[in-house]
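The values are calculated or read from the model by the stated rules, or taken from the named source; none is laboratory data. For clarity, every value in this text was computed on a predicted model and none was experimentally measured. Please note: Cβ atoms are built from the backbone with ideal geometry, for glycine as well, and neighbour counts cover all protein chains shown. We work out accessible area using only protein heavy atoms, side chains counted, and drop any ligands, DNA or RNA first. Shrake-Rupley method; radii C 1.70, N 1.55, O 1.52, S 1.80 Å.
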Amino acid sequence: RAAALGCPRGHSFDIARQGYAGLLAGGVSTASADTAAMVRARAAFLGAGHYAGLADALAALAAPLCPPGGTVLDAGAGTGYYLSAVLDAAPGASGLALDTSKHALRRAGRAHPRAGAARWDLRRPLPVRTGSIDVLLNVFAPRNGGEFRRVLRPGGALLVVTPTPRHLAELRPSMGLLSVDAAKEDRLRRALDGHFRLERTTPYDATVELTAEDAENAASMGPSAHHLDPDEVRRRAARLPSPLTVTTSFRLSVYRPA
């Protein structure tokens, strides 16, 4: 494995021993990036299979859209869980995971043998060649409509996964989780308006059985974790009935370049 990436202008970027390239220079805020504790909780929750059905549904949607030998970009990839599922369903395709969290990228860099990973802020111009991506994944991550449009091939597809207000509804009051913003879909539309047209949306709803440990991980792996005290999360989880039946609810949307 190479130790660094270089460009014709002489810039060099080290590749961490965990397999990701550190492209972010100084002066960029990563305050909202996943912490080491959040990544551990997410890896445990995903490893328990609670979102395996969602990963399968996303892969089934993405694979027919990716030509043989195509390229998949996961913008806001986290640990690379969903990118890995898509690449498994798209033989011969290559993938790139972008995320701001070095803790998540330590896992994403090793998530799949046909995937690379790099640390990057999605709000900035993407370090990806214009028109080079066949399928772009955006799962629970910020959107950059103009840049997503630029890097996609003319016949490419953007797949966006968002939670609905029903998602984890049984956990929210007891665990103190943030609610799903009712304006989330409006913000998504505004972010992509003028760059993409919505082709179709597929709902995905399922119930999962969570132990107290699962509930603790669910609360500790998402945005709510930035506002919750870990000890209080643990105490709240311990008071829940176990197992607890919880709703998972998402929208999987396919967009095409406008």
Helix-derived [θ] at 222 nm for the chain: sum -39500 (n - 2.57) over DSSP H runs of at least 4, divide by residue count, nearest 500?
-8000 deg cm²/dmol
Which three lengths, in whole Å and largest first, does segment 171-258 cover when its Cα atoms are put on their principal axes?
49, 26, 17
So what is the relative contact order of segment 117-157, in percent, for Cα pairs below 8 Å that sit 6 or more residues apart?
49
Regression test value, accessible area per residue of the chain, probe 1.4 Å, units Å², expected 47
Would you grab the residues whose amide H sits under 5 Å from the one on Ala169? Only those 5+ places off in sequence or on another chain, please, with H modelled 1.01 Å from N.
Thr247
Rank by packing, highest mean first: peptides 141-152, 78-89, with packing defined as the count of other Cβ atoms within 10 Å averaged across residues.
78-89, 141-152
Accessible carbon and sulfur surface of segment 193-258 relative to its total accessible area, %, 1.4 Å:
50
Length-normalised contact order for segment 133-211 - Cα pairs under 8 Å, 6+ apart - percent:
32
How much of the accessible area of segment 56-104, in percent, comes from carbon and sulfur atoms when a 1.4 Å probe is used?
58
Here are labelled values, (i) 0.96; (ii) 1.01; (iii) 1.04, and one is the computed Rg/Rh (Cα atoms, Kirkwood Rh) for what I pasted. Which one?
(i)
Any idea what the relative contact order of the chain is, in percent, if you count C-alpha pairs under 8 Å spaced at least 6 apart?
19
